[in-house]
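A.B. asks: Structure below; questions to follow.
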Amino acid sequence: MLNFKKSIFSYILLSIAGTVVFTNIANAETIRTKSFQIEITRHCEEGSVSCDRVVYVGKELKTGKSIFLTGKTLNNSYSYTFLGYEFRNGKYRYVISRNNSLLVYRGNKLILQEEGKIIDN
């Protein structure tokens, strides 16, 4: 009987710890521009200044087509101030600025720029 109680206690403790750990790791926000809805998910600990495990899921509102990209935060190299996010897809670079604008570059040429805002899910 004692082993059974220990097992139940261990299961409950692990469940609570797992919930706390995973809640602190994934932080998501949704940004909407004129043409796109973008979900950004950071898979780093809460409070981390920089993160190189960020996921971008962008959906074109007109066609419903989606794209999945991985990327990182952009930070000032001296002050570590958050500047936004960067994602790459071949020759294309997607940037979400700290004011929630979407910028898409082909090489060094800016090919799309749209202002965005954070929306509630």
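A.B. asks: When only residues in segment 74-121 that are acidic (Asp, Glu) and out of contact with any strand residue (DSSP E or B) (no Cβ under 6 Å at 6 or more places or on another chain) count, which is surrounded by the most Cβ atoms within 10 Å (Cβ to Cβ)?
C.D. replies: Ranking the qualifying residues of segment 74-121, first place goes to Glu115.
A.B. asks: Against the definition (charged (D, E, K, R), modelled with pLDDT under 95, out of contact with any Lys or Arg (no Cβ under 7 Å at 6 or more places or on another chain) and over 19 Å from Asp120 (Cα atoms)), how does Lys62 come out, yes or no?
C.D. replies: The answer is no for Lys62.
A.B. asks: Could you count how many residues in segment 74-99 are under 17 Å from Gln37 (Cα atoms) and either in contact (Cβ under 8 Å) with a residue 24 or more places away in the chain or in a loop (DSSP other than H, G, I, E, B) (or both)?
C.D. replies: Result for segment 74-99: 6.
A.B. asks: Condition first: of a type in the set (Phe, Trp, Tyr) and more than 13 Å from Gly58 (Cα to Cα). Now tell me which residues in segment 89-113 satisfy that.
C.D. replies: Answer for segment 89-113, where residues must be of a type in the set (Phe, Trp, Tyr) and more than 13 Å from Gly58 (Cα to Cα): Tyr92, Tyr105.
The values are calculated or read from the model by the stated rules, or taken from the named source; none is laboratory data. All of these numbers come straight from a predicted model, not from anything done at the bench. Note that each Cβ is placed from the backbone with ideal geometry, even for glycine, and that neighbours are counted across all protein chains shown.
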